[in-house]
Amino acid sequence: MTTSTAAVTTSQRTIEYRSVPAPVPAPGTAVVRMASVTLCGTDAHIWDDDYATELPIIQGHEAAGTIVALDSADAADSAGGWAVGDRVAISPMFYCGTCHACSIGRVNACRHMSVYGCYEDGSLVTEQAVPLEKLYRVPESLSLDLAPLSEPISIAMQAVNRGRATAGEKVLVSGAGPIGLLATVYLKDLGCDVTVSDMNPGRLELARAMGADRTLTVTPGDFPTAAQRAELDELTRGDGPSLVIDATGAPASVATGVDLVATAGRVVCVGISDAELRLTLRTLPVKEIDLLGSRNSQNLSGEALDLLDRHQDTLSRLLTHRFAFEDLDAAFATLVDPAAGVGKIAIDFGASTSTSTSTGQD
């Protein structure tokens with residue numbers, strides 16, 4: 001029997017490498033040999049046993065690799081379009097197809113959703129069997145080690161699409177973490193004017209490098225300052241931005257966005273937390289704003305790969321650290337270290353030793 005190696009998060013901050021039976025392709029699935037997996041904040045919470053996940057679990061939901069095996073019927077079906085050797089990105093989200101959200105096409109909000117690496121075993125394993133419909137072809141011009149970014153890009157695209165962004169619009173992105181930065185790139189691709197706010201000067205520097213037209217430094221309890229409000233007023237003729245994307249999950253940030261957004265504007269909340277948000281019942285009706293939630297994506301992996309392919313140089317700036325698959329303990333310790341200046345961490349399956357690079361965000 002051949003085996004694969006899986007990294008199993010068994011308890012809080014504990015990962016064990018285990019030999020598991022190598023997957024065999026069933027009809028409608030492919031075996032993918034993993035090339036790269038990127039980590040996000042959700043991974044940090046799962047590793048810290050602070051998430052709605054049952055341990056033990058194999059983490060990893062942002063992944064790309066190469067097809068190494070297909071069921072004989074699928075391999076013989078040239079019309080199916082898949083072949084051994086194809087480079088693929090994995091869409092990790094599964095939905096029921098029957099709940100109310102699914103019935104109206106909002107599969108990203110499925111009541112019975114599951115996600116690789118979050119609620120079932122994921123991609124921190126050398127080989128994984130994946131349904132063919134969850135695979136997206138990586139463009140030939142796109143480096144395979146960047147392809148896992150298509151998953152968080154799809155989440156950022158969903159938030160922007162929820163906000164119905166249009167060319168020429170003045171948009172405020174609150175939070176220059178990965179999702180806020182990816183939303184910035186997509187908004188610029190759509191032709192919007194983008195202002196990014198954050199408390200971290202290093203993140204704001206990266207936001208400018210990734211295309212933000214301007215940035216605003218957030219001082220807790222004093223944002224926006226009179227000067228910053230005057231800058232936004234001059235930019236928007238006193239109306240305020242017509243769209244706010246909040247990628248912080250912080251109630252104070254959302255409340256500020258509601259205050260700043262133009263009358264009849266839209267505020268999209270893609271940041272998640274358990275904190276309570278308080279608003280007066282005068283604000284929403286009087287300004288008649290749309291306050292919208294955004295979760296996952298409506299199968300936008302293909303569009304995300306296209307955006308990534310067209311903006312590789314810009315989007316690659318987000319990958320600040322790389323580690324080998326064998327060095328996950330160090331990778332996760334870096335992920336949760338506020339002083340590390342992490343944008344995104346990539347796990348490389350072809351490397352035998354760990355490396356760590358930084359863009360100087362810290």
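Per-structure values
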read-out: Residue check for residue 255: among the aliphatic types (A, V, I, L, M) and not in a helix (DSSP H, G or I); value: no
read-out: Answer from 273, 242, 253 - the residue that is closer than 19 Å to residue 294 by Cβ, at pLDDT below 95 and not aromatic (Phe, Trp, Tyr); value: 273
read-out: Enumerated helices (runs of 4 or more DSSP H) restricted to the stretch 1-107, each holding at least 1 residues that are surrounded by fewer than 15 Cβ atoms within 10 Å (Cβ to Cβ) and not charged (D, E, K, R); value: 72-76, 100-103
read-out: Test result for residue 248, crowded, with 18+ Cβ neighbours inside 10 Å, assigned to a loop (DSSP other than H, G, I, E, B) and hydroxyl-bearing (Ser, Thr, Tyr); value: yes
read-out: Number of positions in the stretch 281-294 that are assigned to a loop (DSSP other than H, G, I, E, B) and surrounded by fewer than 18 Cβ atoms within 10 Å (Cβ to Cβ); value: 3
read-out: Count of residues meeting criterion [among the polar types (S, T, N, Q) and either open to solvent by 10 Å² or more (accessible area, probe 1.4 Å) or in a loop (DSSP other than H, G, I, E, B) (or both)] in the stretch 171-227; value: 5
read-out: Considering residues of the stretch 295-321 that are in contact with a strand residue (DSSP E or B) (Cβ under 6 Å, 6 or more places away or on another chain) and over 16 Å from residue 189 (Cβ atoms) only, the residue surrounded by the fewest Cβ atoms within 10 Å (Cβ to Cβ); value: 319
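The values are calculated or read from the model by the stated rules, or taken from the named source; none is laboratory data. None of these values were measured; they are calculated from a predicted model. Here the Cβ is made from the backbone with ideal geometry for all residues, glycine too, and neighbour counts use every protein chain on show. Side chains included, ligands, DNA and RNA excluded: accessible areas come from the protein's heavy atoms. Shrake-Rupley method; radii C 1.70, N 1.55, O 1.52, S 1.80 Å.
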